[in-house]
There are 2 protein chains.
Amino acid sequence: MQEVLVKDLFAGEQIAEDVTVALTGWVKTVRGSKRVGFIELSDGTTIKNAQIVMQSDLDNYDDLKKLPLSSTIRVEGTVVYTPDAKQPFEIHAEKITLEGASDNDYPLQKKKHSYEYLRTMAHLRPRTNTFYAVFRIRSLAAFAIHQYLQEHGFTYVNTPIITSSDSEGAGEMFRVTTLDMNNLPKTDDGKVDDSKDFFKKETNLTVSGQLPVESFALALRNVYTFGPTFRAENSHTSRHASEFWMIEPEMAFADLDDTIAVSEELLKYVVSYLLDHAKDELDFLNGAVDEHLLDRLHNTIDEKFARITYTQAIEELKKAPVKFDVPVSWGLDLQAEHERYLCEQVYKRPTFLTDYPREIKAFYMRDNDDGKTVAAADLLVPQIGELIGGSQREERQAQLAEKIKEYNLPPEEYAWYLELRKYGETVHSGFGIGFERLLMYVTGMENIRDVIPYPRTPGNAEF
Amino acid sequence: MQEVLVKDLFAGEQIAEDVTVALTGWVKTVRGSKRVGFIELSDGTTIKNAQIVMQSDLDNYDDLKKLPLSSTIRVEGTVVYTPDAKQPFEIHAEKITLEGASDNDYPLQKKKHSYEYLRTMAHLRPRTNTFYAVFRIRSLAAFAIHQYLQEHGFTYVNTPIITSSDSEGAGEMFRVTTLDMNNLPKTDDGKVDDSKDFFKKETNLTVSGQLPVESFALALRNVYTFGPTFRAENSHTSRHASEFWMIEPEMAFADLDDTIAVSEELLKYVVSYLLDHAKDELDFLNGAVDEHLLDRLHNTIDEKFARITYTQAIEELKKAPVKFDVPVSWGLDLQAEHERYLCEQVYKRPTFLTDYPREIKAFYMRDNDDGKTVAAADLLVPQIGELIGGSQREERQAQLAEKIKEYNLPPEEYAWYLELRKYGETVHSGFGIGFERLLMYVTGMENIRDVIPYPRTPGNAEF
């Protein structure tokens with residue numbers, strides 16, 4: 001018997017109407033009268049369900065009518081095309097086998113549940129339409145990113161997760177240890193003896209792969225990371241998670257204009273890819289979650305992104321006819337409210353801000369000649385605020401050594417990073433995309449916890 | 001002026017011989033006589049170098065002749081095609097600008113260095129041909145895996161890195177904490193108070209994404225993880241690292257035969273992809289690292305993999321005309337020596353072993369009806385031994401609950417995993433590939449430290 005997939009039937013696979021086929025899946029809804037019943041069946045291959053029609057002459061018709069939702073069944077029947085109906089085909093069941101009955105207390109009944117409630121069952125929420133759509137999009141967006149970068153000659157580099165450096169001297173880190181916490185080895189002065197730990201020193205979870213990946217850009221030219229990063233910050237906002245994924249492209253022989261061009265092209269590529277490959281999911285989310293989603297995505301690919309300097313942005317904000325919670329002056333580290341005002345109200349599209357004050361940016365960014373700003377470019381997008389942060393890196397050995405000193409970073413930890421310049425100063429640049437921020441942008445979901453399979457936030461590491 | 005890339009010139013890009021072009025890159029070798037000199041230039045876009053010819057009438061010719069290796073330069077000149085010579089083209093320099101001189105103590109001079117030595121400079125070794133090739137192949141293999149799985153309808157799922165469960169009750173784990181180790185909060189009985197930790201409980205780094213990804217297979221049908229996993233084992237072999245990447249596909253409505261079919265097809269796809277896309281790199285490694293590499297790869301795609309049961313394998317090993325360090329009897333957890341003997345000497349190709357004794361396999365594998373074995377299938381490959389481990393999962397709620405008890409696993413930690421069965425028992429299967437093992441197989445590198453950008457092993461977390 002031919003096994004068929006629901007996605008292939010929706011894609012127009014033609015099956016003769018007198019041939020018996022089989023499909024397996026899960027019961028999403030079931031209803032039945034005395035004579036005829038209907039099951040909406042998900043087989044996981046698409047967000048759409050197949051309509052199964054069952055007549056009362058099926059042996060187990062009375063049991064089927066009462067099937068608990070999420071039961072696993074196998075259906076044998078014929079495909080009947082219904083081009084004039086809402087769904088383009090139905091399956092007329094000849095036999096339905098129960099493979100695994102769900103219990104009657106299945107918690108995801110038909111009624112709408114809050115996202116908060118669904119987070120308490122992260123193992124079951126992929127069975128809802130919303131999370132099916134979100135996690136399909138997460139996968140497709142990840143692949144689109146890989147595909148764009150690979151097609152453009154970028155080499156994927158897996159930078160380390162466990163690190164003995166602190167990357168930027170910024171951001172709280174998680175410690176990684178195998179020491180017995182109830183019986184810690186101590187040094188003579190009573191401190192924990194890190195030299196007895198697994199790596200013979202203190203180690204932490206990475207906050208960014210950028211510094212280690214730079215060494216690869218200086219050999220393979222265009223490279224990128226795509227992996228998990230961590231922040232041990234006790235923040236309880238809808239935009240911050242303790243564990244999240246970042247994409248960090250890095251390019252040798254590339255300046256700030258190049259990173260701006262590549263990040264715009266990459267973002268447009270991902271959005272186009274989703275419009276092509278996740279049409280059903282985006283349509284669903286546009287209907288159920290965010291009615292402006294499709295407009296925003298089309299705007300993203302249709303418009304050239306705006307580009308202004310940080311200094312111009314400050315001027316715009318100062319003359320804004322709105323009151324911000326955090327008052328605006330040159331030197332301010334912009335907040336989401338400012339970022340969103342600029343791209344939503346002023347420019348009405350994704351907007352690059354360049355040349356930030358050096359004091360509010362990381363030590364590795366290249367100083368501009370004005371002595372006040374660095375060659376940085378952040379991309380602000382509607383709904384989210386900062387989505388991408390990029391910069392030209394300080395490739396001049398002397399200046400970099402100076403900045404390491406200025407930022408009070410331990411020079412011995414950065415010796416290898418300086419050596420990348422010692423053995424051939426090379427203009428290079430790169431940027432980082434917070435993958436979950438991107439997913440919030442392309443799904444309309446407003447809480448980062450709802451675009452991560454098993455979100456980790458302060459106090460929460462279930463499953 | 002037209003900027004050109006070395007890879008495009010090797011790919012046959014045609015430039016008129018009277019047009020001046022520019023290229024930027026790093027000096028790999030330099031030599032010069034009184035009248036003419038040659039620079040081999042890498043621009044990072046291919047493992048091959050462009051030959052730069054410079055005449056003594058260049059202004060800075062005397063300086064160029066003495067350029068330290070790894071210096072960054074910009075070359076302007078004309079492309080001269082030399083179809084009868086070893087390299088298909090040369091660049092006749094009109095002007096060479098030094099962008100960043102390397103220091104004279106550049107440690108990767110022309111002579112051959114040991115891999116051990118190069119590991120001490122993980123930030124510079126991508127500049128060698130061997131590591132250039134290895135890390136290009138790492139990237140291409142990763143992409144091939146994504147591409148195969150996406151084309152076959154698999155959804156990429158990022159399972160959590162920080163976990164409060166211990167996945168299989170097997171394997172040492174790294175603890176993740178933000179507690180101040182020098183001032184630990186204690187409970188009344190003097191133990192560390194884990195409830196004061198960041199996640200309000202003890203958390204660790206994941207050893208496998210399989211259990212969390214199963215929940216996605218039971219909604220999206222075909223899914224996979226591809227991310228870092230960790231083992232805090234104090235092992236100092238050439239095959240074990242503390243941090244490594246795994247690919248874990250999981251399929252609903254799939255039995256053991258399906259996982260065997262998919263893992264064979266996936267492995268062949270990756271090898272074919274590399275033969276198509278990494279020809280230069282594989283040729284280089286076949287010459288410099290492992291002269292059997294290309295033979296092995298062709299054998300992998302040409303031959304149908306062998307398939308025998310564990311019990312048959314034990315019979316083969318017992319009659320083997322060689323003495324193993326670990327003696328063979330039914331129930332033995334096979335060692336690399338046994339695995340390699342089977343696939344190298346007996347079957348001479350990748351070989352699936354199925355139906356292992358239940359005692360040496362994980363609790364989640366489905367019991368066979370014989371009461372002694374489980375529906376597991378490992379793939380053994382020449383040079384490496386075990387490359388892939390797969391199984392059909394125990395989908396029967398009652399049997400799974402029983403095994404959780406039998407393996408002394410804390411039932412409250414596995415409640416959510418049992419619920420996946422409670423709400424619809426579904427036949428499902430999956431497998432895991434150690435990505436670095438795969439890379440050793442497709443590069444010929446014999447130490448796992450040499451296929452990881454920044455390897456982490458006991459006592460080693462530099463950079």
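Report yes if some residue within the stretch B:363-378 is in a strand (DSSP E or B) and of a type in the set (Phe, Trp, Tyr); otherwise report no. Looking through the stretch B:363-378, none of the residues is in a strand (DSSP E or B) and of a type in the set (Phe, Trp, Tyr). Restricting the stretch B:165-185 to residues that are at the interface with chain A (Cβ under 9 Å from one of its Cβ atoms) and of a type in the set (D, E, K, R), the residue that is nearest to residue A:233 (Cα to Cα) is B:175.
Restricted to the stretch A:97-116, and to residues there that are in contact (Cβ under 8 Å) with a residue 40 or more places away in the chain and in contact with a strand residue (DSSP E or B) (Cβ under 9 Å, 6 or more places away or on another chain), the residue that is farthest from residue B:152 (Cα to Cα) is A:110.
Any idea which of A:171, A:153 is in a loop (DSSP other than H, G, I, E, B), within 30 Å of residue A:266 (Cβ to Cβ) and at pLDDT 95 or above? Exactly one of A:171, A:153 is in a loop (DSSP other than H, G, I, E, B), within 30 Å of residue A:266 (Cβ to Cβ) and at pLDDT 95 or above, namely A:153.
Residue B:119 meets all of the listed conditions (1) open to solvent by less than 30 Å² (accessible area, probe 1.4 Å); (2) in contact (Cβ under 8 Å) with a residue 24 or more places away in the chain but one, namely (1). Against the definition (polar (S, T, N, Q) and either within 11 Å of chain B (Cβ to nearest Cβ) or surrounded by fewer than 18 Cβ atoms within 10 Å (Cβ to Cβ) (or both)), how does residue A:51 come out, yes or no? Taking the combined requirement at face value, the residue does not satisfy it. Being basic (Lys, Arg), farther than 22 Å from residue B:457 by Cβ, in contact with a Phe, Trp or Tyr (Cβ under 9 Å, 6 or more places away or on another chain) and touching a residue at least 12 places away in the same chain (Cβ under 8 Å): is that true of residue B:138 here? So residue B:138 does not fit the description; no.
The condition of being within 7 Å of chain B (Cβ to nearest Cβ) and on the phi > 0 side of the Ramachandran plot holds for only one of A:153, A:100, that being A:153. With the structure loaded, tell me whether residue B:77 is over 27 Å from residue A:396 (Cα atoms), modelled with pLDDT of 95 or more and small (Gly, Ala, Ser) or whether it fails that test. Criteria not met by residue B:77.
Tell me, please, whether a residue that is closer than 16 Å to residue A:141 by Cα, open to solvent by less than 10 Å² (accessible area, probe 1.4 Å) and of a type in the set (Gly, Ala, Ser) can be found in the stretch A:247-257. So far as the stretch A:247-257 goes, no, none of its residues is closer than 16 Å to residue A:141 by Cα, open to solvent by less than 10 Å² (accessible area, probe 1.4 Å) and of a type in the set (Gly, Ala, Ser). Does the stretch A:296-307 contain any residue that is within 30 Å of residue A:49 (Cα to Cα), open to solvent by 10 Å² or more (accessible area, probe 1.4 Å), under 23 Å from the mean Cα position of the chain (by Cα) and of a type outside the set (A, V, I, L, M)? Yes.
Taken over the stretch A:365-381, the criterion of being at positive phi and among the hydroxyl-bearing types (Ser, Thr, Tyr) is satisfied by no residue.
Of the residues B:83, B:126, the single one that is over 21 Å from the mean Cα position of the chain (by Cα) and not hydroxyl-bearing (Ser, Thr, Tyr) is B:83. Of the residues making up the stretch B:204-253, those that are within 19 Å of residue A:227 (Cβ to Cβ) and of a type in the set (Ser, Thr, Tyr) number 6. Exactly one residue among A:145, A:162 is more than 8 Å from chain B (Cβ to nearest Cβ), touching a residue at least 12 places away in the same chain (Cβ under 8 Å), buried (at least 20 other Cβ atoms within 10 Å of the Cβ) and under 34 Å from the mean Cα position of the chain (by Cα), and that residue is A:145.
Apart from one condition, residue B:387 fits all of (1) touching a Gly at 6+ places or on another chain (Cβ under 9 Å); (2) crowded, with 18+ Cβ neighbours inside 10 Å; (3) without any contact (Cβ under 8 Å) to a residue 60 or more places away in the chain; (4) not hydroxyl-bearing (Ser, Thr, Tyr); the exception is (3).
Looking across the stretch B:392-413, the residues that are touching a residue at least 40 places away in the same chain (Cβ under 8 Å) and either assigned to a strand (DSSP E or B) or open to solvent by less than 40 Å² (accessible area, probe 1.4 Å) (or both) come down to B:392, B:393, B:403, B:404, B:409.
The set of residues from the stretch A:213-260 being facing another protein chain (nearest Cβ under 9 Å), charged (D, E, K, R) and more than 26 Å from residue A:335 (Cβ to Cβ) comprises A:214, A:221.
When you scan the stretch A:79-104, how many residues do you find that are surrounded by fewer than 17 Cβ atoms within 10 Å (Cβ to Cβ) and either in contact with a His (Cβ under 6 Å, 6 or more places away or on another chain) or of a type in the set (D, E, K, R) (or both)? Total satisfying the criteria: 6. Of the residues making up the stretch A:28-44, those that are open to solvent by less than 30 Å² (accessible area, probe 1.4 Å) and of a type in the set (S, T, N, Q) are A:29, A:42. State whether one or more residues within the stretch B:57-67 are open to solvent by less than 30 Å² (accessible area, probe 1.4 Å) and in contact (Cβ under 8 Å) with a residue 40 or more places away in the chain. Looking through the stretch B:57-67, at least one residue is open to solvent by less than 30 Å² (accessible area, probe 1.4 Å) and in contact (Cβ under 8 Å) with a residue 40 or more places away in the chain. Selection of the stretch B:268-277 for residues being open to solvent by 10 Å² or more (accessible area, probe 1.4 Å) and either touching a Ser or Thr at 6+ places or on another chain (Cβ under 7 Å) or under 15 Å from residue B:153 (Cβ atoms) (or both) yields B:268, B:269.
Scanning for something at pLDDT below 95 and either basic (Lys, Arg) or within 30 Å of residue A:49 (Cα to Cα) (or both), does the stretch A:264-280 turn up at least one residue?
no
Scanning the stretch A:335-349 turns up no residue that is touching a His at 6+ places or on another chain (Cβ under 7 Å) and either at pLDDT 95 or above or open to solvent by less than 50 Å² (accessible area, probe 1.4 Å) (or both). Restricting attention to the stretch B:416-461, the residues that are in a helix (DSSP H, G or I) and within 10 Å of chain A (Cβ to nearest Cβ) total 8.
The values are calculated or read from the model by the stated rules, or taken from the named source; none is laboratory data. What you see is a predicted model; the values in this text were computed from it and never measured. Note that we place each Cβ from the backbone using ideal geometry, even for glycine, and neighbour counts take in every protein chain shown. Note: areas computed on protein heavy atoms with side chains; ligands, DNA, RNA excluded. Shrake-Rupley method; radii C 1.70, N 1.55, O 1.52, S 1.80 Å.
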